[in-house]
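The values are calculated or read from the model by the stated rules, or taken from the named source; none is laboratory data. Keep in mind that this is a model prediction, so the values were computed, not measured. Here the Cβ is made from the backbone with ideal geometry for all residues, glycine too, and neighbour counts use every protein chain on show.
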Amino acid sequence: MAKVKITTTLGNITVRLYDETPLHRDNFLKLAKEGYYNGTLFHRVIKDFMIQGGDPDSKGAPAGKALGMGGPAYTIEAEIKPGLIHKRGALAAARQGDEVNPERRSSGSQFYIVWGQQYKEGQMGQLAKQMKMQALNTVFNRLATERKAQIMELRRNRDRAGLQELQDELEALAHAEVESQQLGLSELQRQTYTTLGGTPHLDGQYTVFGEVVEGLDVVERIQHAATGRNDRPVEDVAMEHLTIIN
């Protein structure tokens, strides 16, 4: 199981890459070996949320430059797995939003490390409702995409009754799938987010492909950095180099 040490200007972070996400694991190792990340910044930092880096355009970027759009000329197929969640220290791939990226393909290089927050037991009920609604929306949107031709035909014919009937059908199918797969908030999520903490609302939306095994204190230090426009740290936090540990 591969590990990578990220040497930053604020200390070292060692991450373990998951074998369950081989496309992301192999891509991260390839870029690390090539020195792709050397000199890049943690260009987006949000306290109590996450730190994000991996934009090649951040190398030597002048103060105030907007960052976050750079990367190699490819994206990676999503590897979103139920058991790989956004706990504190999780390593996950950034991506464009669903409106332009319905397949949730990951950025070729940009990643983030989760900090998040620790939830109280009393907050879990509301969180469970939110997670279930999120799962319902995700399944419904997928089903609607699969029936796009039918929807377009009904719209062309201005068949409001047919559209309503189809919507009711898709909603029923979405509810059935969510219930059968027990989508929403699992016991693992409940235990993790009330003890370790993290960002549960991102589960099922982005590919988690590793976790911090050493240097979580460095992640904490970075996420406390003072930031300016576009959440960029006022004082640059750079990745000096990445070292693969077999």
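Taking every residue in region 137-152 that is touching a residue at least 40 places away in the same chain (Cβ under 8 Å) and pairing it with any residue that is loosely packed, with under 15 Cβ neighbours inside 10 Å and part of a helix (DSSP H, G or I), at least 6 positions away or on another chain, the pairs with Cβ-Cβ distances below 8 Å are Val139/Leu173.
Could you check, for region 7-19, whether at least one of its residues is aromatic (Phe, Trp, Tyr), within 27 Å of Gly228 (Cβ to Cβ) and surrounded by 15 or more Cβ atoms within 10 Å (Cβ to Cβ)? Within region 7-19 (the criterion being aromatic (Phe, Trp, Tyr), within 27 Å of Gly228 (Cβ to Cβ) and surrounded by 15 or more Cβ atoms within 10 Å (Cβ to Cβ)), the answer is no, since none of the residues qualifies. When the test is whether a residue is in the same structural domain as Asp203 (by TED's automatic domain parsing) and modelled with pLDDT under 95, Gly60 passes it.
Taken residue by residue, region 31-40 has at least one member that is part of a helix (DSSP H, G or I) and buried (at least 17 other Cβ atoms within 10 Å of the Cβ).
The residues of region 56-83 that are among the hydrophobic types (A, V, I, L, M, F, W, C), surrounded by fewer than 14 Cβ atoms within 10 Å (Cβ to Cβ) and more than 16 Å from the chain's Cα centre (by Cα), listed by number, are Ala63, Ala66, Ala73. Of everything listed in (1) within 16 Å of Asn230 (Cβ to Cβ); (2) at pLDDT below 95; (3) of a type outside the set (A, V, I, L, M), the single unmet condition for Lys120 is (1).
May I ask you to verify whether Thr243 is farther than 22 Å from Tyr18 by Cα, surrounded by fewer than 19 Cβ atoms within 10 Å (Cβ to Cβ) and among the β-branched types (Val, Ile, Thr)? Taking the combined requirement at face value, the residue does not satisfy it.
Return the total of residues in region 200-225 being in a loop (DSSP other than H, G, I, E, B) and either in contact with a strand residue (DSSP E or B) (Cβ under 7 Å, 6 or more places away or on another chain) or assigned by TED's automatic domain parsing to the domain that holds Asn141 (or both). The qualifying residues number 4. The set of residues in region 174-199 that are surrounded by 13 or more Cβ atoms within 10 Å (Cβ to Cβ), part of a helix (DSSP H, G or I) and modelled with pLDDT of 90 or more comprises Thr192, Tyr193, Thr194.
Being under 27 Å from Gly215 (Cα atoms) and of a type in the set (A, V, I, L, M, F, W, C), is that true of even one residue in region 123-132?
no
Of the residues screened, Arg158 is one that is outside the structural domain of Asn38 (by TED's automatic domain parsing), in a loop (DSSP other than H, G, I, E, B), among the charged types (D, E, K, R) and surrounded by fewer than 17 Cβ atoms within 10 Å (Cβ to Cβ).
Read through the list (1) closer than 18 Å to Pro200 by Cβ; (2) in contact with a Lys or Arg (Cβ under 7 Å, 6 or more places away or on another chain), then give the number of the only condition that Gly83 fails. So the condition that Gly83 fails would be (2). Taken over region 90-106, the residue count meeting the criterion of being surrounded by fewer than 24 Cβ atoms within 10 Å (Cβ to Cβ), small (Gly, Ala, Ser) and touching a strand residue (DSSP E or B) at 6+ places or on another chain (Cβ under 7 Å) is 1.
Restricting attention to region 83-102, the residues that are at pLDDT below 90 and charged (D, E, K, R) add up to 2. Could you list, in sequence order, the residues of region 145-171 that are in contact with a helix residue (DSSP H, G or I) (Cβ under 6 Å, 6 or more places away or on another chain) and under 23 Å from Glu103 (Cβ atoms)? Hit for region 145-171 is Leu170, nothing else.
Test Lys47 against the criterion of being more than 15 Å from Pro233 (Cβ to Cβ), touching a residue at least 24 places away in the same chain (Cβ under 8 Å) and in contact with a helix residue (DSSP H, G or I) (Cβ under 6 Å, 6 or more places away or on another chain), and give yes or no. For Lys47, the condition - more than 15 Å from Pro233 (Cβ to Cβ), touching a residue at least 24 places away in the same chain (Cβ under 8 Å) and in contact with a helix residue (DSSP H, G or I) (Cβ under 6 Å, 6 or more places away or on another chain) - is not met.
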